[in-house]
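> I have a structure I would like to understand better, so I am pasting it below and will then ask my questions one at a time.
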Amino acid sequence: MQLTTEEIIELGHKDHGSVNPAFVGKDSDEQPKLTVDIEEPHTEALEEAADKGGDLVYSLNDRPPWYLCILLGFQHYILAFGGIIAIPLILAEPLCIRDNNAAKSQLISTIFFVSGLCTLLQTTVGTRLPILQGGTFSFITPTLAILALPKWQCPAPNAPVMLSAHLLNGTRPHLMEDPDEVWMSRMREIQGAILVASLLQIVLGFSGLVGLVLKYIGPLAIAPTINLIGLSLFIEAGKKSGGHWGIAALTVCLILLFSQYLSKVDVPMIAYKDKKWKVFQYPLFKLFSALFGMCGAWLICFLLTIFDVLPSKSTEYGFSARTDISLDAVANSPWFHVPYPGQWGMPTVSVSSVLGMMAGVLASTMESIGDYYACARLSGAPPPPTHAINRGIAVEGIGCIMAALWGTGNGTTSYSQNIAALGITKVGSRLVLQTTGILMIILGIFGKFGAVFITIPDPVIGGMFLVMFGMIAAVGISNLQYVDLNSSRNLLILGFSTFSGLVLPTWFHSNPGIIDTGIKELDQVIVVLFTTHMFIGGFFGFILDNTIPGTDKERGIKSWQDEVQKECKNMCDQSCYDIPFCNGILKRYKCFQYLPFLPSFKTTQQGSSK
């Protein structure tokens, strides 16, 4: 999907705080009455969109009505649910809580609570893009490597301690080892590694080093990075969809039906405005396409489970489409759980764990930079300036520190599937994502509510992934519109970087333990980096594009920069990336002009360029 400048509309650009035209009525009589006043809610906006070739309903600074913010924010919550909840479920076994539903419930509540806090932080003072923050799979590999060490092996089932592990490590077994202490000690090791490694991300952002590197990043580096974000997850989408391909196909068809075939169909709705009732047309299917598609498939699975159509044995094909598999998780989840920092104890730090986790931080940083550009493109915002990217990376580092302090067992990063939802729903409002953050905080406290969504069958989530990750891959390809694709140089760089990003991680996963330098920390760093698809693609694209001779026009640098300047001129200024309530202070003191993560830094740059 390609969104050019002409395709982006910004409703309410004269007054970003205005109410949606669908709910603005004319003057009426004093007495309330029901009138058959069928309006065309987005007539002017849609005519403008037709002229420009786009159909964005709400752009970055638009403020949808509060009830729409809640519904759209809840849709983003649903989309992120599968990816966020997958992390504690993956870590459950190496943390020795596979059968401890109470611990898993607390871990799930904690990761949602912290994700909500980090989302509010990123959308308010970070990049200020409508980008959701959640757990990152980039940290999973180093986490599993840390927990695979002999000293963190889980005790044998039905036994308080594994004697052989203690004998190998030369430690003395504790005959009455507390089961909670078993997994909390492992969690504290992960917390310490993330806590220290995240400082690297903060330094990269606040020092402006990320911005310096961005001067040498062009479309041929960003395209494979974003493309591989979607392509690298095809295995996960295939695993979940493979549980029942019929249900996965139904989910895809429903999402396509609502987002594409019915996108122009407006649903009649009634609203009370200006002391009279009005019937208006509203693009309901376009706004809630992903939510309707997934809930529709979920409902079908529920009915098939009730009527016992789906297999009842776990060994039979289609069992994973049942909605009663995880009902015990709902029963065992507490009604309320308020996470707090240090709830698992004081974090512990070791050199090997920190170095391994740093590789995950670097991979997450590279992925997030690509996400920022994709999010800006899909939300109708100008390309993010250097200070916004620097600040966004630094805020992600702060978010990772918060995740370490609260004890999620993971860090935070931008969520690709929610960025893809911006392109499908055509809603890029920042306020919607801020509402999502508040919902994640509130619902993270109510353990029973979050546990209900554990019953969403894997095939339904897999079908959603097929659409969402395909959208992300297409957004990555759209960056090639600036590049001369008739050039053999560009084709070589693009093909090699993309193909290497698929081949190398697959080979490393197929040959575990192949890297043996004699230094465990170095082995972990190498394995983590070379098993991260988007890091390899972006790295090779960056190196080859800057070392193989080529003109700026051939590389797409000139066209890309012209497009950036054109977007900044035609769409809006870059004030949407400014920190709220701080402009006066930042302009008053000149010392802020030298800080590369503040909006005032661009004033110095512009002044020097003139």
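> Collect the residues in the stretch 249-265 that are free of Cβ contacts under 8 Å to residues at least 60 places away in the same chain and either touching a Gly at 6+ places or on another chain (Cβ under 9 Å) or of a type in the set (A, V, I, L, M, F, W, C) (or both), keeping them in residue-number order.
Correct list: 253, 254, 257, 258, 262, 265.
> Considering each of 419, 398 in turn, give the residue that is assigned to a helix (DSSP H, G or I), surrounded by fewer than 23 Cβ atoms within 10 Å (Cβ to Cβ) and touching a Cys at 6+ places or on another chain (Cβ under 9 Å).
So the residue among 419, 398 that is assigned to a helix (DSSP H, G or I), surrounded by fewer than 23 Cβ atoms within 10 Å (Cβ to Cβ) and touching a Cys at 6+ places or on another chain (Cβ under 9 Å) is 398.
> Ok, one more. Only one residue in 105, 115 is more than 27 Å from residue 515 (Cβ to Cβ), modelled with pLDDT under 80 and crowded, with 21+ Cβ neighbours inside 10 Å. Which one?
105
> Starting from the stretch 266-295, keep only residues that are farther than 30 Å from residue 80 by Cα, then list their pairs with residues that are in a helix (DSSP H, G or I) whose Cβ atoms are within a distance under 8 Å, requiring at least 6 positions of separation or different chains.
Partner pairs satisfying both residue conditions: 271/22; 271/23; 273/23; 280/22; 280/23.
> Working only within the stretch 326-349, note down all residues that are surrounded by 12 or more Cβ atoms within 10 Å (Cβ to Cβ) and at pLDDT below 85.
Of everything in the stretch 326-349, those that are surrounded by 12 or more Cβ atoms within 10 Å (Cβ to Cβ) and at pLDDT below 85 turn out to be 326, 327, 328, 329, 330, 332, 333, 334, 337, 349.
> Still on this model: Which of the helices (runs of 4 or more DSSP H) contained wholly in the stretch 197-244 include at least 3 residues that are closer than 16 Å to residue 136 by Cα and open to solvent by less than 20 Å² (accessible area, probe 1.4 Å)?
Passing ranges, in order: 219-231.
> Before we move on, is residue 261 at negative phi and open to solvent by 30 Å² or more (accessible area, probe 1.4 Å)?
Taking the combined requirement at face value, the residue satisfies it.
> Next up: Taking only the stretch 267-280 into account, find how many residues are open to solvent by 50 Å² or more (accessible area, probe 1.4 Å) and either among the aliphatic types (A, V, I, L, M) or outside any strand (DSSP E or B) (or both).
Of the residues in that region, 4 qualify.
Here's the yes/no breakdown for (1) farther than 30 Å from residue 153 by Cβ; (2) without any contact (Cβ under 8 Å) to a residue 24 or more places away in the chain; (3) β-branched (Val, Ile, Thr):
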| position | (1), (2), (3) |
| --- | --- |
| 57 | yes, no, yes |
| 70 | yes, no, yes |
| 76 | yes, no, no |
| 88 | no, no, no |
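> Provide a single number: the residues in the stretch 488-517 that are outside any helix (DSSP H, G or I), open to solvent by less than 80 Å² (accessible area, probe 1.4 Å) and modelled with pLDDT of 80 or more.
Number satisfying all stated conditions: 3.
> Which of (1) farther than 23 Å from residue 457 by Cβ; (2) open to solvent by 30 Å² or more (accessible area, probe 1.4 Å) is the odd one out, the single condition residue 283 does not satisfy?
Every listed condition holds for residue 283 apart from (2).
> Looking at (1) open to solvent by 20 Å² or more (accessible area, probe 1.4 Å); (2) in a loop (DSSP other than H, G, I, E, B), which is the only condition residue 323 fails?
That leaves (1) as the condition not met.
> Could you tell me which residue of the stretch 408-455 is farthest from residue 135 (Cα to Cα), considering only residues that are in contact with a Ser or Thr (Cβ under 8 Å, 6 or more places away or on another chain) and of a type in the set (A, V, I, L, M, F, W, C)?
424
> Among the residues in the stretch 463-475, are any farther than 25 Å from residue 263 by Cα, touching a residue at least 12 places away in the same chain (Cβ under 8 Å) and either surrounded by 20 or more Cβ atoms within 10 Å (Cβ to Cβ) or not polar (S, T, N, Q) (or both)?
Scanning the stretch 463-475 turns up no residue that is farther than 25 Å from residue 263 by Cα, touching a residue at least 12 places away in the same chain (Cβ under 8 Å) and either surrounded by 20 or more Cβ atoms within 10 Å (Cβ to Cβ) or not polar (S, T, N, Q) (or both).
Conditions (1) open to solvent by 80 Å² or more (accessible area, probe 1.4 Å); (2) part of a helix (DSSP H, G or I); (3) modelled with pLDDT under 75; (4) closer than 20 Å to residue 495 by Cα, marked per residue:
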| position | (1), (2), (3), (4) |
| --- | --- |
| 546 | no, yes, no, yes |
| 553 | yes, yes, no, yes |
| 563 | no, yes, yes, no |
| 587 | yes, yes, yes, no |
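> Filter the stretch 423-438 for residues that are open to solvent by less than 30 Å² (accessible area, probe 1.4 Å) and aliphatic (A, V, I, L, M); which is nearest to the chain's Cα centre (by Cα)?
433
> Further question: Scan the stretch 288-305 residue by residue and report those that are at pLDDT 90 or above, among the hydrophobic types (A, V, I, L, M, F, W, C), farther than 12 Å from residue 249 by Cα and open to solvent by less than 60 Å² (accessible area, probe 1.4 Å).
298, 301, 304
> Further question: Evaluate the stretch 440-455: report whether one residue or more is modelled with pLDDT of 85 or more, in contact with a Phe, Trp or Tyr (Cβ under 9 Å, 6 or more places away or on another chain), open to solvent by less than 10 Å² (accessible area, probe 1.4 Å) and small (Gly, Ala, Ser).
yes
The values are calculated or read from the model by the stated rules, or taken from the named source; none is laboratory data. Note that the structure is a prediction, hence the values are computed from the model and not measured. Counting neighbours? That spans all protein chains shown, and the Cβs are built from the backbone with ideal geometry, glycine included. Please note that ligands, DNA and RNA were not included when accessible areas were found on the heavy atoms of the full protein model with its side chains. Shrake-Rupley method; radii C 1.70, N 1.55, O 1.52, S 1.80 Å.
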